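Structure, as structure tokens:
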């Protein structure tokens, strides 16, 4: 008889749990979970951003444009003075072409950032990301304390500019894609 009571209790317990679950509100009506919660946080962050007034650009974008012009000028001056940026046994014509091309890319990016263009800020972020990776790898294999100090300064400057440009990109906002008329 004791076994029968235990079996009866076991049978009643799932029914009671099912009734309690049916009475509880669905999880969607309470706090959002997973992707929905992340989406809500993103929407709140976007709502908190203040749009830029016409003709204005974020400070990080201005600093990035000035840095791009300075780097392009430094590359061209170093080429004129005779410093070989590629090192090793390279063709001098190839080194000059690379330096001129790299400086031209930096100047186009600087012009675009000065005009607050999304593509230019994205391009500068790409160059900063590549710089961060290459400077980190160079820091691993450096032999002198002076080179290590220069690389740490490059990492600090590029990392800081990269960090502040993220929010600047959000304020500039990528333009909407045009829709096709069918």
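Laboratory data are not the source of any read-out in this text; all were calculated from the coordinates shown. Keep in mind it's a predicted model, so treat the numbers as computed, not measured. Reconstructed Cβ throughout: ideal geometry from the backbone, glycine too, with neighbour counts over all protein chains shown.
I need the fraction of alpha carbon pairs in region 112-160 separated by more than 15 Å, rounded to a whole percent.
Summing the P(r) tail past 15 Å for region 112-160 gives 49 percent.
May I ask you to list the residues of region 140-156 whose amide nitrogen lies under 11 Å from a point 7 Å from Cα along the Cα→beta-carbon direction of residue 132?
155-156
What FRET efficiency, computed as 1/(1 + (r/R0)^6) with R0 = 35 Å and r the Cβ-Cβ distance, is obtained for residue 104 and residue 143, rounded to the nearest 0.05?
0.60
Normalized C-alpha radius of gyration of region 57-172, against 2.2 N^0.38 Å?
Here the Cα radius of gyration is 1.13 times the empirical estimate.
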